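For reference, the structure is listed below as structure tokens.
Derivation of every value follows stated rules applied to the coordinates shown; laboratory data play no part. Predicted model, so just to flag it, every value in this text is computed and none were measured.
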Amino acid sequence: MDFKDHFHGKGVVITGALGLFGRGLAKTFAAAGAKVCVTDRGQAALDDLLRELDAPGSLAVAGDLTSTPDLLGLIDAVGREWGAPDIVINNAAIYPSHFMLDMEIEDWDRMMDVNFRAPFVLTRGFAKQMIADGRKGSVINIGSGASRKMRLTAAPYCISKTALDRLTKAMGQELAQFGIRVNALEPGFSAGSEVSQLSQEHIDRVTKAIPLGRATTMDDIGPAAMYLASDFASYITGATLTVDGGNSIGTLDVYQDKKTPL
């Protein structure tokens, strides 16, 4: 599968662009000839990223995904510059660690605003631009295997990702008539996240239990995102592509003395 010139001149919006996967996705699409709109909190850091990408026609729009005016401002900025995007990647997410009974209402609201409400508002707004401009675009929601499995202290995050999975399917169904595809991409465990704050013991334990034996990297996520956004996936919508080394299907932990087959 050759993506050469496939994304040349295409407009790609990426939320959470200053994070681990967001920055990697921006570099991946820029290297493929796309122009990118990077958005996150912090205009100066976004401007630095834009210079690093060196992708003509790109733009950086700082904003808070919990703010309706900021969300609408992002949509308007892209519309003024490009008319409409070709690809939207709802990448931004926050991962609060709380027992449900301990979680403050404000923390719940912020997580749902970033992880679920913002993808709805942005997909809705950008889809309207695509429709008006006659573009058969692609939306990719960065999901998680957490959408299918609850875990104590991570339940709020799991719930937000389950909601995002339902949104992916609902938007995929509704926008299909306009030739706009909506899919989810589920990365696996990433030990290198700057916001994970995980102990080395935890990282080693989780990584050892992944069937393919390592954490997720941008070398895994970049090509997967490009595939979903490309014409190679033109008959795929409302689907989920899981790129997690088998982590979501089960663990390699063995609860008996004999640890390997044969």
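Provide the per-residue ³J(HN,Hα) series for region 249-262, in order, calculated from phi with Karplus coefficients 6.51, -1.76, 1.60 and θ = phi - 60°, each as a whole number of Hz, with x at glycine and proline positions.
For region 249-262, the Karplus-derived couplings read 8, x, 10, 8, 4, 10, 9, 7, 5, 7, 9, 9, x, 6 Hz, x marking Gly and Pro.
Once all Cα-Cα distances of region 49-155 are split into 10 Å bins that start at 0, what whole-number percent is in each one?
Going from the shortest bin to the longest, the percentages are 13, 38, 30, 15, 4.
Between helix 20-31 and the chain, what is the angle of the helix's C-alpha long axis to the longest principal axis, kept within 0 to 90° and rounded to the nearest 10?
Helix 20-31 and the main axis of the chain meet at about 40 degrees.
Under 10 °C and 1.306 mPa s, how fast does region 1-102 diffuse according to Stokes-Einstein, given a Kirkwood radius computed over C-alpha pairs? Answer in µm²/s, whole number. Mind dumping the intermediate values first?
Numbers: Rh = 14.1 Å.
It diffuses with D of about 113 µm²/s by this estimate.
So how long is each side of the chain along the principal axes, counting just the alpha-carbon atoms, biggest first, in Å?
62, 46, 38
So what is the calculated 222 nm ellipticity per residue for the chain, using -39500 (n - 2.57) for each DSSP H run with n of 4 or more, over all residues, to the nearest 500 deg cm²/dmol? Mind dumping the intermediate values first?
On the way: 8 runs with 105 residues, N = 262.
That calculation yields -12500 deg cm²/dmol at 222 nm.
Using each residue's phi in region 91-100, evaluate 6.51 cos²θ - 1.76 cosθ + 1.60 at θ = phi - 60° and report the 3J(HN,Hα) Karplus result to the nearest Hz, with x for Gly and Pro.
9, 4, 6, 10, 10, x, 10, 8, 5, 4
Can you tell me which of 15, 207, 123 moves the most in a GNM of the chain? Springs connect C-alpha atoms under 10 Å apart.
Result: 207 has the largest fluctuation of those listed.
Amide H of residue 185: which non-local residues (sequence gap of 5 or more, or other chain) have their own amide H closer than 5 Å, using H built in the peptide plane?
141, 142, 143, 241
Using Cα atoms only, what is the angle between the long axis of helix 155-175 and the major principal axis of the chain, expressed in degrees (0 to 90) to the nearest 10?
40 degrees
If you build a Gaussian network model of the chain, linking Cα atoms that sit under 10 Å apart, which residue out of 150, 130, 171 swings the most?
Greatest mean-square fluctuation among the candidates belongs to 150.
Anything over 32 Å Cα to Cα? Flag those among 27/169; 35/208; 169/258; 10/208; 4/128; 27/128, in the order listed.
Values: 27/169 28 Å; 35/208 38 Å; 169/258 42 Å; 10/208 39 Å; 4/128 29 Å; 27/128 27 Å.
Correct reply: 35/208; 169/258; 10/208.
Per residue of region 62-69, in order, report the coupling 6.51 cos²θ - 1.76 cosθ + 1.60 (Karplus, θ = phi - 60°) as ³J(HN,Hα) in whole Hz, putting x for Gly and Pro.
Working through the residues one at a time gives 6, x, 9, 5, 8, 9, 4, x Hz.
Angle between the Cα long axis of helix 118-133 and the longest principal axis of the chain, 0 to 90 degrees, nearest 10?
Approximately 30 degrees, to the nearest ten.
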